[in-house]
Amino acid sequence: MMIISSVPRRLFMAVISMGAALAAHCSAHAEMSAWAENEGGRMRLVALAPDAAGKIRAALQIEPKPGWITYWKEPGNSGIPPQFIIAAGSGVTLDAMAYPVPKHFFNGAVEDIAYDAPVTLPLSLHAAGKAPVEIDAVAFIGICKDICIPFQANFQLKLGPAIQSHPQEEAILAAADATLPKPPSADFGVTAHAMSPDRKTLALTLVLPGEGPGGGKGAPDIIVTGPGGYAFTKQIGGKRDGATFKTDVAIGKLPKDYDLSGKRWGVLVIDGGKAMETTLAFE
């Protein structure tokens with residue numbers, strides 16, 4: 001199924017503007033903020049002091065209440081991805097946000113790519129100055145059950161020099177890293193990809209980890225992420241032959257005048273209990 005989330009996302013952003021006044025504000029002089037809470041769940045910021053190069057390991061912890069979901073980086077038909085924005089001039093920048101392996105949820109024609117359990121999103125930050133460093137940031141997520149509620153919180157953390165260990169924060173960050181999809185390897189990856197001339201299908205050839213511990217048996221779950229706001233998941237004619245799997249992924253209407261040349265798309269493959277994420281380069 002092709003997901004075009006850019007239009008629903010704009011509609012959702014209108015709701016955000018009305019709900020922004022309800023944002024929580026959480027401050028701390030430690031490496032972990034207080035929980036910010038709303039009707040559908042709670043979230044907080046965890047961070048370690050910057051290392052000698054200014055790198056800060058951090059994470060946004062999100063705990064939806066039972067029956068609620070929160071979204072992956074390309075959320076599906078109606079959600080929006082998590083956002084983490086650091087105040088300009090704070091001396092701290094966001095280099096990357098990582099995403100644990102999500103699930104597919106279907107409600108009629110609506111498809112969501114999301115999490116229905118506690119999830120921790122690793123953050124790679126960088127501090128330009130010396131300690132103490134203050135993170136001043138806004139986190140925004142969508143959290144949904146029968147309705148979607150915009151959930152925004154302001155977090156402030158003051159980080160001192162890295163002169164002592166913080167085992168609780170370190171354990172949280174290590175556990176978050178363990179939930180991320182792995183990079184491609186010799187026994188799990190994309191060996192070939194090609195877009196059809198009419199740009200209606202993307203042919204993929206994969207090598208899969210097989211039916212051993214954690215491996216799958218049937219067709220793997222494949223999520224292709226193209227231009228921002230687009231994800232493609234519908235497989236056509238998938239065939240598994242031992243460790244090799246070939247399939248076409250349906251590609252719907254792309255943005256007007258979209259030039260595929262030189263672009264890099266993402267692909268997440270979930271096979272049983274294993275997941276791999278990589279990029280597809282188009283010449």
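No value in this document is a laboratory result; all are computed from the given coordinates. Since the model is a prediction, treat every value here as computed from it, not as a measurement. Don't worry about glycine lacking a Cβ; one is built from the backbone with ideal geometry, like all the others, and counts go over all protein chains shown.
Quick notes on this one:
- Measuring between alpha carbons in the structure, the pairs from 65/200; 73/274; 65/274 lying more than 29 angstrom apart are 65/200.
- Residue order, fewest to most surrounding Cβ atoms within 10 angstrom, among 230, 71, 258: 258, 230, 71
- Between the Cα long axis of helix 6-19 and the first principal axis of the chain there is an angle of about 20°, rounded to the nearest 10.
- Tail weight of P(r) past 12 Å, computed on alpha-carbon pairs of the stretch 80-124, percent: 70 percent
- With the convex hull drawn around the C-alpha atoms of the chain, the volume per residue stands at 157 Å³.
- Degrees between helix 167-178 axis and first principal axis of the chain (Cα, 0 to 90, nearest 10): 10 degrees
- P(r) tail fraction, the stretch 125-267 - alpha-carbon pairs more than 23 Å apart, %: 60 percent
- Taken over the stretch 189-281, the alpha-carbon convex hull comes to 88 cubic angstrom per residue.
- Stretch in the chain that is longest and holds no trypsin sites (Lys or Arg not before Pro) that DSSP places in a loop and that have at most 12 other beta carbons within 10 Å: 1-129
- Förster radius 41 Å - calculated FRET efficiency between residue 34 and residue 106 (Cβ-Cβ, nearest 0.05): 0.70
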